[in-house]
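Enquirer: There's a structure below that I have some questions on.
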Amino acid sequence: VVARLVHDRLTLSVDAAGEHLHRRGWRLATAKAPLREHLAAAVVLASGWDAATPFVDPCCGSGTLAIEAALLARSMAPGLTRSFAAERWPSLPPGTFEVARARAAAAVRTPAAPIFASDHLDGAVRAAAANAERAGVADLVEVRRQDVADLRPPAGPGALVTNPPYGMRVGPGRDLTELYRTIGGVARARLPGWLVAVLTVPGPLGPATGLPVAPVLTTTTGGTRVTLLAGRVPAGRVHSEQ
Ligand SMILES: C[S@@+](CC[C@H](N)C(=O)[O-])C[C@H]1O[C@@H](n2cnc3c(N)ncnc32)[C@H](O)[C@@H]1O
């Protein structure tokens, strides 16, 4: 129970969650600069991916975007594998949480499309695979070590949704423009007609992809303002890679 007294106004609140709600219970392994799970879910939803086509994150880090995509595609309630403080409230009728969990479990469905997560770092790949296992989606998310330049996507169309480094928390001092150019070049050469969504900081990195993307979501993560740029790769015309 939390009591807050502000200017003679007392607010009492009771913590029903316990652990913060963005903690789904599966993200124990982290790579550099992980996104919070609820932000990753918001990014997947805002990207416009319809869960019926392949989903690819070629800079997956600890796999948060791909795993949240898998949970959404599978209709798995985000809190299905965690506990809540309210489960111990004596005022709740017995069985309340069991019934809710059974309903959530019954809603789980078999998704139609595969999900791919890759990163060029071994540690990130290991973290993503372990997280996918804990989240119960290891059978749906294929994790591999791969540089984004070597991306060989499945037959499309599908969605490439990613959160490349943006120089604040990963690789400070490196020229990231080249990485964003590579992502754009790979998309134009190998992903015609695909949806592309890139979460990055406002500034020159997004435009460096050369893709026809526009802001669809702006928020903050770790105190940094970030924007999700999304759009569709022009279909039918294969450009040379940069
Ligand atoms: C901001 S982190 C992604 C964090 C991730 N969204 C999460 O929640 O854990 C960016 C990732 O891009 C990866 N990366 C950077 N350059 C890459 C490249 N050329 N090919 C593949 N992955 C790359 C980094 O290793 C890092 O894991």
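The values are calculated or read from the model by the stated rules, or taken from the named source; none is laboratory data. From a predicted model like this one, the values you see are computed outputs, not experimental measurements. Note that each Cβ is placed from the backbone with ideal geometry, even for glycine, and that neighbours are counted across all protein chains shown. Note: accessible area is taken over every heavy atom of the protein model, side chains too, but ligands, DNA and RNA are not part of it. Shrake-Rupley method; radii C 1.70, N 1.55, O 1.52, S 1.80 Å.
Enquirer: Under the rule of -39500 (n - 2.57) per DSSP H run of 4 or more residues, summed and divided by the residues of the chain, what mean residue ellipticity at 222 nm is obtained, to the nearest 500 deg cm²/dmol?
Expert: Values: 5 runs with 60 residues, N = 242.
Rounded to the nearest 500, the figure is -7500 deg cm²/dmol.
Enquirer: Roughly how many nanometres apart are two label points built 7 Å out from the Cα toward the Cβ at HIS120 and PHE84?
Expert: So the label points at HIS120 and PHE84 sit 4.3 nm apart.
Enquirer: Follow-up. Can you give the log10 of the normalised intensity I(q)/I(0) at q = 0.09, 0.17 Å⁻¹, computed with Debye over equal Cα scatterers of the chain?
Expert: After summing over all Cα pairs, the log10 values are -0.43, -1.23.
Enquirer: Right, next: At a 1.4 Å probe radius, carbon and sulfur cover how many percent of the accessible area of region 1-104? Walk me through the intermediate numbers first.
Expert: Numbers: 3400 of 5740 Å².
Whole-percent figure for carbon plus sulfur exposure: 59.
Enquirer: Within 10 Å of each candidate Cβ there may be at most 16 other Cβ atoms; applying that plus a DSSP loop requirement, which chymotrypsin sites (Phe, Trp or Tyr not before Pro) in region 39-133 survive? Mind dumping the intermediate values first?
Expert: Numbers: sites: TRP49, PHE55, PHE84, PHE97, PHE116; in loops: TRP49, PHE84.
Sites meeting the loop and neighbour criteria: PHE84.
Enquirer: May I ask you to give the percent of accessible area on region 124-205 that is carbon plus sulfur, with a probe radius of 1.4 Å?
Expert: With neighbouring chains kept in place, the figure for region 124-205 is 51 percent.
Enquirer: For labels at ARG36 and ALA106 in the simple 7 Å Cα→Cβ model, what's the distance in nm?
Expert: If labels sit at ARG36 and ALA106, their model points lie 3.3 nm apart.
Enquirer: For the chain, modelled as a Gaussian network with Cα springs under 10 Å, which listed residue fluctuates most, PRO58, PRO215, PRO93?
Expert: Highest fluctuation of the listed residues: PRO93.
Enquirer: Roughly what angle does helix 64-73 make with the longest principal axis of the chain, taking Cα atoms, 0 to 90 degrees, to the nearest 10?
Expert: For helix 64-73, the angle is close to 70 degrees.
Enquirer: A further question on this structure: So which trypsin sites (Lys or Arg not before Pro) in region 58-115 pass both tests, a DSSP loop state and at most 12 other Cβ atoms within 10 Å of the Cβ? Don't skip to the end; give the middle numbers.
Expert: On the way: sites: ARG74, ARG82, ARG88, ARG101, ARG103, ARG109; in loops: ARG74, ARG82, ARG109.
Taking region 58-115 and a limit of 12 other Cβ atoms within 10 Å, the loop trypsin sites (Lys or Arg not before Pro) found are ARG109.
Enquirer: Also, I was wondering about something else. Keeping every protein chain present and rolling a 1.4 Å probe, give me the accessible area per residue for the chain in Å².
Expert: Details: 12300 Å² over 242 residues.
Accessible area per residue: 51 Å².
Enquirer: At 37 °C and a viscosity of 0.692 mPa s, what translational diffusion coefficient does Stokes-Einstein give for region 76-132, taking Rh as the Kirkwood radius over Cα pairs? Give it in µm²/s as a whole number. Don't jump to the answer; show the numbers that get you there.
Expert: Numbers: Rh = 14.5 Å.
It comes out at roughly 226 µm²/s.
Enquirer: To test your reading of the geometry: what angle, between 0 and 90 degrees and rounded to tens, separates the Cα axis of helix 96-106 from the longest principal axis of the chain?
Expert: Taking Cα atoms only, the helix is inclined about 30 degrees.
Enquirer: On full extension of the chain, what length is gained from GLU19 through GLU178, given 0.36 nm per residue of separation minus the C-alpha to C-alpha distance?
Expert: 53.3 nm
Enquirer: Sequence-distant or interchain residues sharing an amide H contact under 5 Å with ASN163, placed H: which?
Expert: Close amide H contacts, sequence-distant or interchain: CYS59, LEU199.
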